[in-house]
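To start, the structure under review is shown below, and the notes come after it.
The values are calculated or read from the model by the stated rules, or taken from the named source; none is laboratory data. Computed from a predicted structure; not experimentally measured. Glycine gets a Cβ as well: all are built from the backbone with ideal geometry, and neighbour counts include every protein chain shown. For accessibility, only protein heavy atoms count, side chains too; no ligands or nucleic acids. Shrake-Rupley method; radii C 1.70, N 1.55, O 1.52, S 1.80 Å.
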Amino acid sequence: MTATRVLVLNSGSSSVKYQLLDMSDSSRLAVGLVERIGEETSRLKHTPLSTGETRETTGPIADHEAALKAVAEELAKDGLGLDSPELAAIGHRVVHGGKTFTQPTVIDDAVLAEIERLIPVAPLHNPANLTGIRTAQALRPDLPQVAVFDTAFHTTMPEAAARYAIDVKTADEYRIRRYGFHGTSHAYVSRATAELLGKSPEEVNVIVLHLGNGASASAVEKGRCVDTSMGLTPLEGLVMGTRSGDMDPAVIFHLMRVGGMSTDEIDTLLNKKSGLIGLCGDNDMREIRRRIDEGAEDAAQAQLAFDIYIHRLKKYIGAYYAVLGTVDAVAFTAGVGENAAPVREAAIAGLEALGLAVDGELNAVRSGEPRLISPEGARVAVAVVPTDEELEIADQTYALVRNGNA
Ligand code: AMP
């Protein structure tokens, strides 16, 4: 029997998201998530795609090991147990691969050590990813485990885009440079956009706008990333649900000197209390649009947050247009990009001189499929391309292990 199943794990500090896929036809067999690990009210939500019925259990799940065991039990109930010979590998999302990891990588002790060495540049994410890997290894020590890095797709950025204009020695000593994130999404969506245009990735230049709760833009030239908006951390760039994005770094000195705030307080302010939520009290674009569209009492505040969000987005479209020189497509993806027609309309409005326009009727269509929303015959295509990071991780994992390379 050929092993064709891949389990994809995305381990956060108190959560594990997972999907089991069958790579013989890229179909999903089960999806689920464990939340609030370490609390009394941990919750496991598991959906086998054979029935589509979600099973939910609540109760204490002490740590990642217990979480993964609980997931394995749920999978076993559906005949999808992790001890099955059909399981080919486990693919792990790892947030930070630094400059080292330019490709998905089969995990061994040296790889684990390097992911650990990168903790100072990803203190929130890499430790959780490591815990997930070690737990999965303990459960199936014989099985190949593959790390797929959020940063890998961006390692092709030229130095001119990747370096900050600060003292080179200091930058190198502390490994300060622009790494970028959401790489699996940018990789998947740029390829899917080329496919939508009937071209190969090497034939097109694409601006990808990944607009979720976290948001980032990338400039992809002939299949290779040449610039992206997130930097050393996922704080730089676009306005996000709770993060500020670009800002004069001197704001931080000002908050310390004049506001008397601590480093941790400023970190929390910029990462958790800024962006849309800081501007108007909501980080969900649906709620912001509702306030504007219904003319709610506080609609003006929501409108200002929306306008600031769009202004920043437009600046990045213009910047990446200039970086690429010629652009074949602008692709919107992730929660906001895939669903919020008013965001797409406003971001592209007024860019006709760049060959960019949105057709109102096409933009209003709701669909889970990749689609064009630019008018027929437009010089530059505008597209909505649903992202699928789990499928991309499973694909990359399976490609590495299918011929016994692991
Ligand atoms: P993600 O991080 O990709 O899961 O995206 C999550 C975000 O997508 C949410 O915070 C919402 O703001 C946004 N979103 C989801 N559905 C819609 C919708 N129908 N209209 C506008 N925004 C949406």
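What translational diffusion coefficient, in µm²/s and rounded to a whole number, does the Stokes-Einstein relation yield for the chain at 20 °C and a viscosity of 1.002 mPa s, taking the hydrodynamic radius as the Kirkwood radius over Cα pairs? Don't skip to the end; give the middle numbers.
Numbers: Rh = 22.4 Å.
Value of D from the Cα-based Kirkwood radius: 96 µm²/s.
A simple spin-label model places the labels of Arg163 and Glu86 5.3 nm from each other, with each point 7 Å out along Cα-to-Cβ.
Counting only protein heavy atoms and a 1.4 Å probe, the chain has 46 square angstrom of accessible area per residue.
Return the carbon/sulfur percentage of the accessible area of the chain, one whole number, probe 1.4 Å, all protein chains in place.
On the way: 9560 of 18580 Å².
About 51 percent, which is the carbon plus sulfur part of the accessible surface.
Taking the Cβ of Leu80 as the centre, find all other residues whose Cβ is under 10 Å away and add up their charges (Lys, Arg: +1; Asp, Glu: -1).
Numbers: positive: Arg5, Lys77; negative: Asp22, Glu74, Asp78, Glu86.
Surrounding charge for Leu80 is -2.
The stretch between Ala300 and Asp246 holds 17.1 nm of extra length on full extension. This uses 0.36 nm per residue minus the Cα-Cα distance. Here the chain carries DSSP beta bridges of which approximately 65% are antiparallel, counting only pairs with both residues inside.
The calculated FRET efficiency for Arg371 paired with Ser13, based on their beta-carbon distance and R0 = 51 Å, is about 0.90. On the basis of the beta-carbon distance and an R0 of 22 Å, Ser24 and Thr102 show a calculated FRET efficiency of 0.20.
Between Arg286 and Lys77, 0.36 nm times their residue separation minus their Cα-Cα distance comes to what?
Details: separation 209, 0.36 × 209 = 75.24 nm, distance 3.68 nm.
Extra length from Arg286 to Lys77 when fully extended: 71.6 nm.
Once backbone amide H atoms are built at 1.01 Å from N, Leu29 has Leu20, Leu21, Asp22 as its partners under 5 Å, excluding neighbours fewer than 5 places away on the same chain. Would you mind checking Lys273/Lys315; Lys77/Lys272; Lys222/Lys314; Lys222/Lys272 for any pair whose Cα atoms are more than 28 angstrom apart? The answer is Lys77/Lys272; Lys222/Lys272.
Please compute the contact order of region 254-360 in relative form: average sequence separation of alpha-carbon pairs under 8 Å and at least six residues apart, divided by the residue count, as a percent.
Numbers: 57 pairs, mean separation 17.7, N = 107.
Relative contact order of region 254-360: 17 percent.
3J(HN,Hα) couplings calculated from phi for region 358-371 with the Karplus curve 6.51 cos²θ - 1.76 cosθ + 1.60 (θ = phi - 60°) are, in sequence order, 10, 8, x, 5, 5, 5, 7, 5, 9, 7, x, 9, x, 7 Hz; Gly and Pro show x.
Between Lys272 and Gln137, the modelled labels are 3.1 nm apart [label points 7 Å from Cα along Cα→Cβ]. Output the relative contact order of the chain, whole-number percent, from Cα pairs under 8 angstrom with separation of 6+ residues. Contact order relative to length: 14 percent. In order along region 317-331, phi translates into HN-Hα couplings of 4, x, 5, 6, 4, 5, 4, 7, x, 10, 10, 8, 7, 10, 10 Hz, rounded to whole numbers, per the Karplus curve 6.51 cos²θ - 1.76 cosθ + 1.60 with θ = phi - 60° and x for Gly and Pro.
For Ala66 and Ala353, compute 0.36 nm times the residue count separating them, minus their Cα-Cα distance, and round to one decimal in nm.
Numbers: separation 287, 0.36 × 287 = 103.32 nm, distance 5.67 nm.
Once the chain is fully extended between Ala66 and Ala353, it gains 97.6 nm.
A simple rule links phi to the HN-Hα coupling: the Karplus curve 6.51 cos²θ - 1.76 cosθ + 1.60 with θ = phi - 60°, which for region 57-64 gives 10, 10, x, x, 10, 5, 8, 5 Hz, with x for Gly and Pro. With one equal scatterer per alpha carbon and no solvent term, the Debye-computed log10 I(q)/I(0) for region 57-152 at 0.16, 0.21, 0.26 1/Å reads -0.71, -1.06, -1.34. Calculated mean residue ellipticity, 222 nm, the chain: -11000 deg cm²/dmol, from DSSP H runs (n ≥ 4) at -39500 (n - 2.57) each, averaged per residue and rounded to 500. Ranked by the mean number of other Cβ atoms within 10 Å per residue, highest first, peptides 129-141, 109-121 order as 129-141, 109-121. Between Lys45 and Leu112, the simple label model (points 7 Å from Cα in the Cβ direction) yields a spacing of 3.2 nm. Just need log10 I(q)/I(0) for region 245-373 at q = 0.15, 0.17 Å⁻¹, Debye formula, equal scatterers on the alpha-carbon atoms, no solvent, rounded to two decimals. Results for region 245-373 at q = 0.15, 0.17 Å⁻¹ read -0.86, -1.02. Annotation: amide H of Ser374 within the under-5 Å range of Asp359, Val382, sequence separation 5 or more or interchain, hydrogens built in the peptide plane.
In percent, how large is the relative contact order of region 54-204, given Cα pairs closer than 8 Å and 6 or more residues apart?
Details: 162 pairs, mean separation 36.4, N = 151.
For region 54-204, the relative contact order is 24 percent.
When the square roots of the Cα gyration tensor eigenvalues are ordered a ≥ b ≥ c, the ratio a/c for region 54-95 is 1.5 or more and a/b does not exceed b/c, which makes its shape oblate.
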